[in-house]
């Protein structure tokens, strides 16, 4: 019997062989490494060091730096860096600078014992957060500009694969490294954590080397961008002001006002619905994630157990989820995949309720983390592709920074009270509440509708194609 292969599926799988799609693996790794080192993994460290849960919850607000990156995104979008921009291009220059700062600040965290000087730890964590947010701005712009819209799903999938591998390394890897050199597992010891964070600082070399190798996207001047700046020049000319001030106002209009004006003009009344969906899509996962590591500690799981489960099962399921997400986007579209990801993300939070009732159960931990990471991979790939489709390449850095900032602002703020909620009501009630937070997301996705998204964005970014890395 002759076996036939669906040619459409073969074509879909081939998109992962695109050079720039493959290149997003290591760039995604560079983007994913810092996040948990200042959030989840740091909360494990702080809890083991005896820091109370309320303080840990409040310190999660460090992550709000990602929510305000739209404030300096116009600078990353438009302002050249001395020497670096001339040598590397505007995207690669900002990428390299931010990666070097992240590595340096991680060294600072490694050299700080939170028991002795928690304020210094917060300072270095904030430096990591701001530099990491800046890296995200430049990297998101690079990803959007590097390929055409039809490859954005694959770019999102490989980006997520690298991102999640880095997150596993920054969580399970750090715990495994710290446990391997910890001679006093029964009591808190600062030295294993110092060694582990030094290793993480060294791992940022993956991003640095990749940034030095890749080519800058070749994006021509966008017609809409030129028209906006000409419009600003006409307004300034009527004011009869100094030439240098006129030049500055024209730049300010193009950098700050035009990106937001463009989004509102293109989407009209639907813009508010889109922003609401962006603001709530990740709330279930983000709020739950802050208390996941303290939950493992309080349930009696060791660093070795959490590291082993996350490293083996977590990484496999995350990569699988990201790949499935990319394939689903190519096959059934972004909005349907977005809905599936939202359902799975909320539903898997209920598995933590089940796990809490079982006590110290490693097999239950394996199942829960595997399902949670699979759903996260699918949801993240769909959401990244969705945000990329909303973005106009004329203002890619600023608009995507705005979207991703909105995505994290409300979830991070709510997550800051997660420790107090657990103290008052317990872990089971907390996990149920985070699952219920996903219900409004499903309603918003249905209201947004796949037809409106596909039709309004099919023409955006149809040009500016680049095929080589």
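The values are calculated or read from the model by the stated rules, or taken from the named source; none is laboratory data. Keep in mind the model is a prediction, meaning the values are calculated, not measured. Here the Cβ is made from the backbone with ideal geometry for all residues, glycine too, and neighbour counts use every protein chain on show.
Of the residues screened, residue 125 is not one that is in contact with a helix residue (DSSP H, G or I) (Cβ under 9 Å, 6 or more places away or on another chain), closer than 23 Å to residue 382 by Cβ and crowded, with 24+ Cβ neighbours inside 10 Å. Filtered by the rule that a residue be at pLDDT 90 or above and part of a loop (DSSP other than H, G, I, E, B), segment 156-213 gives a lone residue, 204. Can you confirm whether residue 401 is surrounded by fewer than 23 Cβ atoms within 10 Å (Cβ to Cβ), in contact (Cβ under 8 Å) with a residue 40 or more places away in the chain, in contact with a helix residue (DSSP H, G or I) (Cβ under 6 Å, 6 or more places away or on another chain) and over 20 Å from residue 444 (Cα atoms)? No, not satisfied. When restricted to residues that are more than 17 Å from residue 171 (Cβ to Cβ) and touching a residue at least 12 places away in the same chain (Cβ under 8 Å), segment 356-370 contains 5. Residues that are in contact with a helix residue (DSSP H, G or I) (Cβ under 6 Å, 6 or more places away or on another chain), modelled with pLDDT of 85 or more and part of a helix (DSSP H, G or I): does segment 54-61 have at least one? No - not one qualifying residue is present in segment 54-61. Taking first residues from segment 62-73 that are under 16 Å from residue 128 (Cα atoms) and partners that are modelled with pLDDT of 80 or more and surrounded by fewer than 21 Cβ atoms within 10 Å (Cβ to Cβ), the Cβ contacts under 6 Å between residues at least 6 apart in sequence or on separate chains come to 62/126; 65/130. Only residues in segment 260-275 that are at negative phi and without any contact (Cβ under 8 Å) to a residue 60 or more places away in the chain count as the first member; pair them with residues that are part of a helix (DSSP H, G or I) and exposed (fewer than 15 other Cβ atoms within 10 Å of the Cβ), Cβ under 7 angstrom, at least 6 apart or cross-chain, and list the lot. These pairs meet every condition: 271/264. Annotation: residue 93 fulfils all but one of (1) touching a helix residue (DSSP H, G or I) at 6+ places or on another chain (Cβ under 7 Å); (2) surrounded by 22 or more Cβ atoms within 10 Å (Cβ to Cβ); (3) in contact (Cβ under 8 Å) with a residue 60 or more places away in the chain; (4) more than 30 Å from residue 320 (Cα to Cα); the unmet one is (3).
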